[in-house]
1. Starting from segment 96-123, take each residue that is touching a residue at least 12 places away in the same chain (Cβ under 8 Å) and list its partners that are acidic (Asp, Glu) and assigned to a helix (DSSP H, G or I), counting only C-beta distances under 7 angstrom and pairs at least six apart or across chains.
2. Please work out which residue is surrounded by the most Cβ atoms within 10 Å (Cβ to Cβ), limiting yourself to segment 203-236 and to residues that are outside any helix (DSSP H, G or I), of a type outside the set (A, V, I, L, M, F, W, C) and touching a residue at least 60 places away in the same chain (Cβ under 8 Å).
3. Could you grab me the full set of residues in segment 188-202 that are crowded, with 21+ Cβ neighbours inside 10 Å and farther than 14 Å from Val22 by Cβ?
4. Among the residues of segment 42-67, how many are within 14 Å of Val167 (Cβ to Cβ), crowded, with 21+ Cβ neighbours inside 10 Å and not aliphatic (A, V, I, L, M)?
5. Does segment 25-39 hold any residues that are surrounded by fewer than 22 Cβ atoms within 10 Å (Cβ to Cβ) and part of a helix (DSSP H, G or I), and which are they?
6. Determine, yes or no, whether Ala80 is exposed (fewer than 15 other Cβ atoms within 10 Å of the Cβ) and among the small types (Gly, Ala, Ser).
7. What's the number of the only condition in (1) in contact (Cβ under 8 Å) with a residue 40 or more places away in the chain; (2) within 20 Å of Ala225 (Cβ to Cβ); (3) not polar (S, T, N, Q) that Leu77 fails to meet?
Amino acid sequence: MSIFMAELIGTMVLIILGGGVVAGVVLNKSKANGAGWVVITFGWGFAVMIAAYMVGHISGAYLNPALTIGFAVAGKLAWAQVPSMILAQMIGAFLGAVVVWLHYLPHWKETEDQEAKLAVFSTGPAIRSTFGNLLSEIIGTAFLVFVLLAFGAKGLVFADGLKTLVVAFLIVAIGMSLGGTTGYAINPARDLGPRIAHAILPIAGKGSSDWKYAWIPVIGPIIGAVIAALLYMGLF
């Protein structure tokens, strides 16, 4: 399998499981309806873990354009690989969202809440504040990328497979601690790919795809990743 296909499939799996847990929690008549934020954060953590175990040995399982750019800035990934990896991640995220839509097909018409439907596909702020929301995405992603870079710092050695498990709990921790403000996209592909799917797919009563907000979970994570990479280089 090529790196391109590994990133595409890995990101698709990430969104199937991550978007899927959100759908289960927020869509009406789902048996998981109302399970809450803790279930969502653990669901996303496990989604990252499963996807990383699947393709990490092939591509490194970046699965995130911000992470990809951050590692390139830090000199941990060749810049020549970045464009194709980001394209693969975007396609995978879109396809994953389509699978979630199909899986929950009878539940869309049973759910009147348009924001809940959009939440299955993309993030949104608890309190709409351009500066505050952008800052949240910057901080959340900077923390993610800095910790992941630090995991690979000289002298820090993980047993095979342990690092991926730790990363899963890192995602859960970020979601619980920092995710309540914006839903912690911390990944441009995770937000933009499914948002495009939301705009295109025939979802009953879906409402707006909130394109006015859409740039924040794209630009914020990229800024945060670059800051983290620079900080890492300065300290390590």
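1. Taking only residues 6 or more apart or on different chains, the pairs are Ser122/Asp191; Thr123/Asp191.
2. Checked segment 203-236; the qualifying residue surrounded by the most Cβ atoms within 10 Å (Cβ to Cβ) is Tyr213.
3. Selection gives Pro188, Ala189, Leu192, Gly193.
4. Matching residues across segment 42-67 total 4.
5. Val25, Trp37, Val38, Val39
6. yes
7. With (1) in contact (Cβ under 8 Å) with a residue 40 or more places away in the chain; (2) within 20 Å of Ala225 (Cβ to Cβ); (3) not polar (S, T, N, Q) applied to Leu77, the lone miss is (1).
Each row is one residue, and each column tells you yes or no for (1) at positive phi; (2) at pLDDT 95 or above; (3) not aromatic (Phe, Trp, Tyr).
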{"site": "Phe121", "(1), (2), (3)": "no, yes, no"}
{"site": "Ala159", "(1), (2), (3)": "no, no, yes"}
{"site": "Leu170", "(1), (2), (3)": "no, yes, yes"}
{"site": "Gly175", "(1), (2), (3)": "no, yes, yes"}
{"site": "Arg195", "(1), (2), (3)": "no, yes, yes"}
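The values are calculated or read from the model by the stated rules, or taken from the named source; none is laboratory data. Just so you know, these numbers come straight off a predicted model, no measurement behind them. Quick reminder, even Gly has a Cβ in these numbers, built from the backbone with ideal geometry, and neighbours come from all protein chains shown.
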